[in-house]
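Notes follow the structure.
The values are calculated or read from the model by the stated rules, or taken from the named source; none is laboratory data. All figures in this text were calculated on a predicted structure; none of them were measured in a lab. So basically every Cβ, Gly included, is an ideal-geometry build from the backbone, and we count neighbours across all protein chains shown. Only protein heavy atoms, including side chains, enter the accessible area calculation; ligands, DNA and RNA are left aside. Shrake-Rupley method; radii C 1.70, N 1.55, O 1.52, S 1.80 Å.
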Amino acid sequence: MIVTRFAPSPTGYLHLGHACAAITAYESGDDFLLRIEDIDQGRSRDAFIEAIFFDLKWLGLSWDEPVLRQSRRMGAYMSALESLQARGLVYPCFCTRKDIAEEIARAPEAPQGPDGPLYPGTCRALSDEERTTRIAAGEAYALRLNARKAAEMTGPLSFTEHGRLHPVDPLRFGDLVIGRKDMPTSYHLAVVVDDAFQNVNLVTRGADLLPSAHIQRVLQALLGLPEPAYEHHRLVLDRDGRKLSKRDNAITLRSLREAGATPSDIRARIGL
Ligand code: GLU
């Protein structure tokens, strides 16, 4: 029984890239689930959630209920975070974006991760005393995974991509934020907790998320969660060969539909 999912963030209308991800997941699974990744409450809108349902139905997709909404799952993420914290795998980071940018500018060679330069590790070295004092003083902090410690704890790992084993690089994202300053999770932590909770055993999504499998596999191992197989699919590109963006209104399913496109036109345009 293959269980797949489509996990959009309701921060804009679905575009051709989402249609490709949703149809691929739908066609790859016996059970197809829908998860709304709305942890970012500042950017998520209920109107976009309604539009997601509408667009998917229009494409002819149906999913098993209930639809999971990540904004309602903070308790589950908090427990996962606490279990990592209890094992000393997490440290508070008081840096602002500006602090990090300045630190990186000072470094002769800042290592790059999939989302830009890696966190330089400024707060990793703080003493327990300093941490306690700053937290008691009400300073805002995020929680970062100590990636080296995590790698020592898990030992070598791999993940399965299209049936082939890939070695995990646990340092790919450096010490990434797993609890944001404003919420007890981040994208990566919420995804692994929810993929396990929803019994997803095949994760299909765009190739831009392939690097995420490295760190998500580490988090699964640390949290004792089952390991899904992965199948990242090629991205739908625009006419200039660039990745589609939510800001590009012309390729939303909604505007294509209003311009007269049918669901089979959409499939043809994404090469399915
Ligand atoms: N929420 C992510 C997105 O909209 C997808 C997460 C995933 O498939 O793991 O890009």
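What to note about this one:
- Answer from 61, 56 - the residue that is within 14 Å of the ligand (Cβ to nearest atom), of a type in the set (A, V, I, L, M, F, W, C) and touching a residue at least 24 places away in the same chain (Cβ under 8 Å): 56
- Residue pairs meeting the criteria (Cβ under 7 Å; at least 6 apart or on separate chains; first free of Cβ contacts under 8 Å to residues at least 40 places away in the same chain, in the range 23-39; second in a helix (DSSP H, G or I) and open to solvent by 20 Å² or more (accessible area, probe 1.4 Å)): 32/26; 38/71
- Residue pairs meeting the criteria (Cβ under 6 Å; at least 6 apart or on separate chains; first closer than 21 Å to residue 118 by Cα and charged (D, E, K, R), in the range 147-168; second buried (at least 16 other Cβ atoms within 10 Å of the Cβ) and modelled with pLDDT of 95 or more): 149/89
- Every listed requirement among (1) in a strand (DSSP E or B); (2) within 14 Å of the ligand (Cβ to nearest atom); (3) under 30 Å from residue 135 (Cβ atoms) is met by residue 92 save one, (2).
- Residues that are over 21 Å from residue 192 (Cα atoms) and within 10 Å of the ligand (Cβ to nearest atom), drawn from the range 1-14: 12, 14
- First in the range 98-124 and hydroxyl-bearing (Ser, Thr, Tyr), second anywhere and surrounded by 14 or more Cβ atoms within 10 Å (Cβ to Cβ), Cβ under 6 Å, 6 or more apart: 119/174; 119/175; 122/95; 122/103
- Verdict on residue 265 being part of a helix (DSSP H, G or I), of a type in the set (D, E, K, R) and within 12 Å of the ligand (Cβ to nearest atom): no
- Within the range 103-123, being part of a helix (DSSP H, G or I) and open to solvent by 80 Å² or more (accessible area, probe 1.4 Å) holds for 105, 106.
- Looking across 77, 119, 91, one residue alone is under 30 Å from residue 3 (Cα atoms) and hydroxyl-bearing (Ser, Thr, Tyr). It is 77.
- For the range 15-43, a tally of residues being within 13 Å of the ligand (Cβ to nearest atom), in contact with a helix residue (DSSP H, G or I) (Cβ under 7 Å, 6 or more places away or on another chain) and closer than 28 Å to residue 179 by Cα returns 6.
- None of 14, 59, 34 is under 16 Å from residue 191 (Cα atoms) and of a type in the set (A, V, I, L, M, F, W, C) except 34.
- Residue check for residue 141: in contact with a helix residue (DSSP H, G or I) (Cβ under 7 Å, 6 or more places away or on another chain) and open to solvent by 30 Å² or more (accessible area, probe 1.4 Å): yes
- The range 183-224 - residue that is away from the ligand (no atom under 14 Å from the Cβ) and aliphatic (A, V, I, L, M) and, of those, surrounded by the most Cβ atoms within 10 Å (Cβ to Cβ): 218
- Residue match in the range 233-243 (condition: under 18 Å from residue 28 (Cβ atoms), more than 12 Å from the ligand (Cβ to nearest atom), in contact with a strand residue (DSSP E or B) (Cβ under 7 Å, 6 or more places away or on another chain) and open to solvent by 40 Å² or more (accessible area, probe 1.4 Å)): no
- Taking helices (runs of 4 or more DSSP H) as the structural unit, those lying wholly within the range 1-88 and holding at least 2 residues that are among the charged types (D, E, K, R) and either touching a Lys or Arg at 6+ places or on another chain (Cβ under 7 Å) or open to solvent by 50 Å² or more (accessible area, probe 1.4 Å) (or both) correspond to 46-58.
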